[in-house]
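To start, the structure itself, in structure tokens.
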Amino acid sequence: MVCPRLVKHREEVAENPPARFRGEKYWAKPLPGFGDVDARILVVGLAPAAHGGNRTGRMFTGDSSGNTLMKALYRAGYANIDTSVSADDGLVLKDVYLTAVVRCPPPANKPTQQEISNCLPYLAEELKILRNICVAVALGRVAFEGLFKLFKREKAFEGKTPVFRHGGTYRVSGFLYGRPLPIIIACYHPSRQNTNTGRLRQEMIDAVFLRAREFVG
Ligand code: SF4
């Protein structure tokens, strides 16, 4: 058990679901990434949502974050449907792969730095397999800084981690697993907290993926 706090949380929320999910069998295990293994665009989130991915067993599935993200991916031509409801909803991603810096849901969506470090090897393994990635969209500051933490740990990047800024595009030189580092685009996380307050509007996340599409051609 690498992160006892997160393991406890993922199991506790599964055992005590809110009324709307009562009776459902939760995934309640570490959550792998999901998407096209030949993708050129990587989307990195924070962690599976307690009642989203941790319930449905698929990244960005079964919560409002997933639906906001999928609308943007659908509009940019990377998803065949504009919702992400369950693992068997027929969603197919093309040229996009979804993952996260942490694989188990953290309480209050706040993983510790140690928990992020514990989990980064899984992201590293995915990046070794995803050989075509040239753009990485980081959803939220934690994902953004987690990516740079990985780059530094793998000696692909030296220096200060740039400051997260929604819509910012970061071209950093360096090589990771024999390939150039991807262009990073920073985007606010499509959490309900951000979408309900208007901090992230649908057109803002749509614009991020249209920009990503410009980079991959
Ligand atoms: S967050 Fe990652 S490292 Fe920690 S217990 Fe879950 S899968 Fe393991």
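Computed from the coordinates by the stated procedures, all read-outs in this text should not be read as laboratory data. This is a predicted model, so every value here is computed, not measured. Neighbour counts run over all protein chains shown; Cβ positions are idealised from the backbone, glycine included.
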So if I place +1 on the C-beta of Lys and Arg and -1 on the C-beta of Asp and Glu, and nothing else carries charge, what would the dipole magnitude of the chain be about its Cα centre? I want it in debye, nearest 20. 500 debye
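If each DSSP helix of 4+ residues adds -39,500 (n - 2.57) and the sum is divided by the residues in the chain, what number results at 222 nm, nearest 500 deg cm²/dmol?
-11000 deg cm²/dmol, from helical runs alone.
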More than 14 angstrom separation, counting every C-alpha pair in the range 118-198; what % is that? 63 percent
DSSP beta bridges in the chain, what fraction antiparallel, as a percent rounded to 5? 35 percent
A correct Karplus calculation of ³J(HN,Hα) over the range 191-200, with 6.51 cos²θ - 1.76 cosθ + 1.60, θ = phi - 60°, whole Hz and x for Gly and Pro, returns 5, 4, 4, 7, 6, 5, 8, x, 5, 10
The chain: Rg to Rh, with Rh as the Kirkwood radius over Cα pairs: 0.94
Extension gain (nm, one decimal) between SER64 and GLU203, 0.36 nm per residue minus Cα-Cα: 48.5 nm
Could you identify which residue out of GLY23, GLY57, GLY174 has the top mean-square fluctuation in a GNM of the chain using Cα springs shorter than 10 Å? GLY23
Using the Karplus curve 6.51 cos²θ - 1.76 cosθ + 1.60 with θ = phi - 60°, what ³J(HN,Hα) values do you get for each residue of the range 164-169, in whole Hz, with x for Gly and Pro? 5, 9, 3, x, x, 10
